[in-house]
1. In whole Hz, what ³J(HN,Hα) sequence does the range 24-32 give by Karplus (6.51, -1.76, 1.60; θ = phi - 60°), x for Gly and Pro?
2. Taking the highest mean first, how do the peptides 61-70, 3-12 order by number of other beta carbon atoms within 10 angstrom per residue?
3. What distance in nm separates the simple spin-label points at residue 11 and residue 27, each placed 7 Å from Cα in the Cβ direction?
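Each value in this text was obtained by applying a stated rule to the coordinates, not by laboratory testing. This structure is a prediction, so every number in the text was calculated from the model and none was measured. Note: ideal-geometry Cβ built from the backbone for every residue, glycine included; neighbour counts use all protein chains shown.
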Amino acid sequence: MDWDNYLRFVLALLFVLGLIGLLATLVRKYGIGMTNVSIRKGAERRLALVEVLPLDAKRRAVLLRRDDTEHLVILGPESQTVVETHIPPNALDAPSEFAEVLESTQSAQPEDPA
């Protein structure tokens, strides 16, 4: 192979990468394939992840805040379980209630043999 072939290969590669970049820019600008829902930024967001607590290798407890309400969810590889809803945020007795609910869910679910 001589240098003309290498140069042609490099230019073709740059051309294809440029087309990919142009396509990505157009998709971002015009939202092709995306819904028309605007994404809220900063303090306007309604949904927030408050805390994540790993329970074991496969499951974790997630505390989500939506508007002025918190929800406790147990996430696993094949399932998700809502443990408690309508928890008031920043409640003083929330950690003790959280621990009680967490202990009851751990004892209620069977252990995986694997």
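1. 4, 5, 5, 5, 5, 6, 9, x, 5
2. Values: 61-70: 15.6, 3-12: 9.5.
Top to bottom by mean Cβ count within 10 Å: 61-70, 3-12.
3. For the pair residue 11/residue 27, the computed spacing is 2.8 nm.
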